1. Between Cys61 and Lys237, 0.36 nm times their residue separation minus their Cα-Cα distance comes to what?
2. Would you calculate the separation in nanometres between label points at Asn207 and Glu105, each defined as 7 Å from the Cα along the Cα-to-beta-carbon direction?
3. Under a crude label model (7 Å from the Cα following the beta-carbon direction), how far is Lys126 from Thr145 in nanometres?
4. Where does each of Ser191, Ser141, Ser117 land when they are ranked from fewest to most other beta-carbon atoms within 10 angstrom?
5. Hey, rough spin-label estimate for Asp93 and His265, points 7 angstrom out along Cα→Cβ, what's it come to in nanometres?
6. Checking the table Lys185/Lys253; Lys87/Lys240; Lys78/Lys102; Lys54/Lys179 against a 23 Å threshold on Cα-Cα, which pairs fail?
7. What does the extension gain come out to for Ser176 and Arg199, with contour length at 0.36 nm per residue minus their alpha carbon separation?
8. Determine by what factor the alpha-carbon radius of gyration of segment 43-264 differs from 2.2 N^0.38 Å, reporting the quotient.
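No value in this document is a laboratory result; all are computed from the given coordinates. None of the values given here were measured: they were computed from a predicted structure. Neighbour counts run over all protein chains shown; Cβ positions are idealised from the backbone, glycine included.
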Amino acid sequence: MLIIPLIAGRYVVGFSDSKSSSPHTKKLTSSEENSSSSKKYRYRVVIDAGHGGKDTGAICCDNKIEKFIVLSVASKLKKKLEAKGFKVYMTRDDDTFVKLPKRTEFANNKKADIFISIHANAAPSKKTRDIFKGIEVYYLSPAKTKRAEDAAEKENAVMFEGKDFYTKNEYLSLLSREKIVESHKLGLDVSAKMLKNVRSKFSSIVNGGVKPANFWVLVGAQMPAILVETGYITNPKEGKNLMNNYYKELLAKGIAEGIERYLSHK
Ligand SMILES: [Zn+2]
């Protein structure tokens, strides 16, 4: 039985393969064993398609419904990460309602190395539909901006249906500095790769930045966790893009490359 150090504080347990000790089989050197490609197989990513079931998320113009758009992006992302060799789990793979605390609980149970929640944003009013645009990435932190506060308020709405939630100050006080820093780093890598990919064909896409916010869905995650707002479905141009299959492919490709880049630093 082999016990292989994975990342700080965690180990994976495996069984020795009799073939690997055979004189006819090439033995891996320690540098090969530590190569990023062999590491990938040990990394687990949980993808969370936002909303689902009775929780539609943002809706615009009759046919643009967040829960369907984000499930489509999440499914494409799963395929791309699996093609790169990562182990991938989804909090939902159909139109099902999943309570917010259950999503990070699922990631903790799977011992995930990354938790990524996929969403699409909406402008606060009809008047501001042309103004609000851009791809944004959020990580959980007590510090926040006005735009982050608005986004969090929308995404958090479903949380208040039940009584099973912490107070805001309670959960923010439990956040470690290390987790905030790691989630921020993950956010920067994902944002950079996502923008590079979508801008290769959709040059006018706005960089909405990587920002701290307090989304309930990220609360409780024991691993670096981010929430991606893939664009504003209320913006005429971005809403059209989010219904475009090729655009969603590029988004997924960028997110996968960002995750790969972040994990390659480990
Ligand atoms: Zn959402």
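1. Numbers: separation 176, 0.36 × 176 = 63.36 nm, distance 1.27 nm.
Full extension from Cys61 to Lys237 adds 62.1 nm.
2. It is 3.9 nm.
3. It is 2.9 nm.
4. On the way: Ser191 23, Ser141 20, Ser117 27.
Final ranking by Cβ density, sparse to dense: Ser141, Ser191, Ser117.
5. So the label points at Asp93 and His265 sit 3.1 nm apart.
6. On the way: Lys185/Lys253 18 Å; Lys87/Lys240 32 Å; Lys78/Lys102 20 Å; Lys54/Lys179 32 Å.
Table pairs above 23 Å Cα-Cα are Lys87/Lys240; Lys54/Lys179.
7. On the way: separation 23, 0.36 × 23 = 8.28 nm, distance 3.44 nm.
Stretched fully, the Ser176-Arg199 segment lengthens by 4.8 nm.
8. Values: Rg = 15.7 Å, N = 222, 2.2 N^0.38 = 17.1 Å.
Compactness ratio reported: 0.92.
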